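Asker: Can you read through this structure? Questions will come right after.
The values are calculated or read from the model by the stated rules, or taken from the named source; none is laboratory data. Note that this is a predicted model, so its numbers are computed, not measured. Cβ atoms come from the backbone with ideal geometry, glycine included; neighbour counts cover every protein chain shown. What goes into the accessible areas is simple: the full protein's heavy atoms, side chains included, and nothing from ligands, DNA or RNA. Shrake-Rupley method; radii C 1.70, N 1.55, O 1.52, S 1.80 Å.
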Amino acid sequence: MVLVLVLVGPVLVNITGYTVPLPKEEQSYKGKSVDNYRAISISAIISKIFERYILSRYSKFVVTSPNQCGFKKDSSCDHAIYYVRNVVEHYVAGGSTVNVCLLDLSKAFHKMVHSALYLKLMVRSIPVQILSVLENWFSLCM
């Protein structure tokens, strides 16, 4: 299937999965606010195989910053929280005032301009076939 996607181009297969809302707390299911729920994505097996293939074959095109936490191996949001907390505690212990600005990027994927992502990948010389597959895949997510 992966070879078909790469050689032939996008095929009409839904590999995106679906999203399930889970209550954050036991009684939160009674509330009507979306903030009371955590969304988890259940992906098709073919999606997981495709992701693994793309990462193993084309990881040299998608190098990330060493400061990025989450969405990469051996790193998570917990690491980011740990780093921020250590920095804040260091400066507070030294008598400084610390101001922190936090951004909630939980819905960033759905609001981003995907064409900008494709342009960045083109600059990194990712093969056109892979760009085409990603473009088709992301269009199914919207």
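Asker: Quick one: which residues, 5+ away or cross-chain, put their amide H under 5 Å from the amide H of residue 38? H built at 1.01 Å from N.
Answerer: 22, 24
Asker: How many nm separate the modelled label positions at residue 83 and residue 71, each set 7 Å beyond the Cα in the direction of the Cβ?
Answerer: The modelled label-to-label distance comes out at 1.5 nm.
Asker: Under the rule of at least 5 residues apart or a separate chain, name every residue whose amide H is placed under 5 Å from the amide H of residue 75.
Answerer: Amide H neighbours of residue 75: 70.
Asker: Something else now. In the range 39-137, what is the count of Lys pairs whose alpha carbons are under 16 Å apart, counting only pairs at least 8 residues apart or on separate chains? Mind dumping the intermediate values first?
Answerer: Numbers: 48/72; 48/73; 60/72; 60/73; 60/120.
So the count works out to 5.
Asker: Accessible surface of residue 37 in the full protein assembly, 1.4 angstrom probe, to the nearest 10 Å²?
Answerer: 60 Å²
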